[in-house]
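To start, the structure under review is shown below, and the notes come after it.
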Amino acid sequence: MKKRLLSLLLLLSLVLTLSACGGGGAAAPTPASAATPAPSAAPEPTQIPEPATRSFTDSAGRTLELPAKVEKIAVSGPTAQIVLFALAPERLVGIANSWDDSAKEYIAPEYYSLPLMGQLYGGKGELNLEELLKAAPDVVIDVGEPKQSIVEDMDKLTEQTGIPFLHIDGYTASMGDAYRMLGDLLGLEDRAAVLADYCDEIYAFAAGLEEKLAPEKKKTALYLLGDSGLNVIASGSFHAEMLNLIVDNAAVLENPSSKGTGNETDMEQLMLWDPEVIFFAPDSIYDKVGDDPAWQELQAIRNRNYYRVPYGPYNWMGFPPSVQRYLGVLWAAKLLYPEAADYDLYTEVSRYYRLFYGCELTQAQFDALMG
């Protein structure tokens, strides 16, 4: 019995010894706790939502909170209307002034049905806040010469309507910068750059005209308007910016008017100025002065150096005083200084109409404008 028990113990010891050896036997399984963890899936990228608003500082130094994407625009007046129509006509929700009948030749018909909203400063009718609120624009844009009360005016209307009102300076010398500013505001930088470069180009030509004319001088001139022709655009006024670039404006007054109607004067004063050239506004008395003895006292009339400013769809020398004044620069320079203005006027006018009105101007249309 003892021998059998001893034999069993020896056999069991041998089996245990063989199991512990690594030779030829199957590898012992790795404990579950020591297993290499399976790679986890890459985390989904976090979607950062685009901001709903942005800050924008206007030319008056006011910082406003605007929609990140400005899709609907209202304008405060006709100057802004002309500027913005060239840049973003499809975003306009209304117009400040009705289109003139002549505009039908140059402007796409879909823009004739836009609501009439009036204008903030002067002109024909006040801003129609009811129509403005109904159109619900993202922003209302004012362009031009800032009034002394511009900050107060813009702040008051913004608070009153809940719609941001902002001002962009729009001088002849800085219209390129105005377009770049508007391009940033509207996310239309490339389109704005084309218009801005054009404005800079025409202004640089006009500003360098006197140097091209040397040793000659710019001609003395007056720009007359009104039913009687006795209102004058005086040197130093915002409305005379373009005129002062291409002529020596004879109308030097102590208090030049900032209104589009200019300063009222009389025939005696015109005779004292007695300019070499007179420009008449499109709706003035151009057709009557040639046979009027009183007007014949002026050398410009006697020598037939007087001209009616082209019109279509706006007055090329202003009213409103917007970007179409560059057309006045090109026209008047070619008229008065043909050797210095070494360009084809039809080509240049066509380029403007293409850029600012989206219109391919025909030779017949150009001839009619010149007529």
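The values are calculated or read from the model by the stated rules, or taken from the named source; none is laboratory data. Please read these numbers as outputs of a predicted model, since none were measured by experiment. Note: ideal-geometry Cβ built from the backbone for every residue, glycine included; neighbour counts use all protein chains shown.
Within the stretch 217-247, being surrounded by fewer than 18 Cβ atoms within 10 Å (Cβ to Cβ), within 18 Å of Phe280 (Cβ to Cβ) and either in the same structural domain as Tyr171 (by TED's automatic domain parsing) or charged (D, E, K, R) (or both) holds for one residue alone: Asp227.
For Lys217, are the conditions met, namely being over 24 Å from the mean Cα position of the chain (by Cα), at pLDDT below 95 and either outside any loop (DSSP other than H, G, I, E, B) or over 14 Å from Val323 (Cβ atoms) (or both)? I'd like the intermediate steps shown before the answer.
Working: over 24 Å from the mean Cα position of the chain (by Cα): yes; at pLDDT below 95: yes; either outside any loop (DSSP other than H, G, I, E, B) or over 14 Å from Val323 (Cβ atoms) (or both): yes.
So Lys217 passes the test.
Of the candidates Tyr352, Tyr343, the single residue that is assigned to a helix (DSSP H, G or I) and either touching a residue at least 12 places away in the same chain (Cβ under 8 Å) or touching a Leu at 6+ places or on another chain (Cβ under 7 Å) (or both) is Tyr352. The single condition from (1) modelled with pLDDT of 95 or more; (2) in contact with a strand residue (DSSP E or B) (Cβ under 8 Å, 6 or more places away or on another chain); (3) part of a helix (DSSP H, G or I) that Ala86 fails is (2).
Condition first: buried (at least 21 other Cβ atoms within 10 Å of the Cβ), assigned to a loop (DSSP other than H, G, I, E, B), at pLDDT 95 or above and aromatic (Phe, Trp, Tyr). Can you find one or more residues in the stretch 318-337 that meet it? Among the residues of the stretch 318-337, not one is buried (at least 21 other Cβ atoms within 10 Å of the Cβ), assigned to a loop (DSSP other than H, G, I, E, B), at pLDDT 95 or above and aromatic (Phe, Trp, Tyr), which makes the answer no. Look at the stretch 126-145: where a residue is closer than 21 Å to Phe238 by Cβ and a partner is of a type in the set (Asp, Glu) and part of a strand (DSSP E or B), sitting 6+ places away or on another chain with Cβ atoms under 9 Å, you get Val143/Asp169; Gly144/Asp169; Glu145/Asp169.
Based on this model, can you work out whether Asp287 counts as part of a loop (DSSP other than H, G, I, E, B) and more than 21 Å from Asn244 (Cα to Cα)? It would help to see each step written out before you state the result.
On the way: part of a loop (DSSP other than H, G, I, E, B): no; more than 21 Å from Asn244 (Cα to Cα): yes.
No; evaluated as a whole, the condition is false for this residue.
When Leu245 is tested against (1) out of contact with any Lys or Arg (no Cβ under 6 Å at 6 or more places or on another chain); (2) at pLDDT 95 or above; (3) of a type outside the set (S, T, N, Q); (4) in a helix (DSSP H, G or I), exactly one condition is not met: (2).
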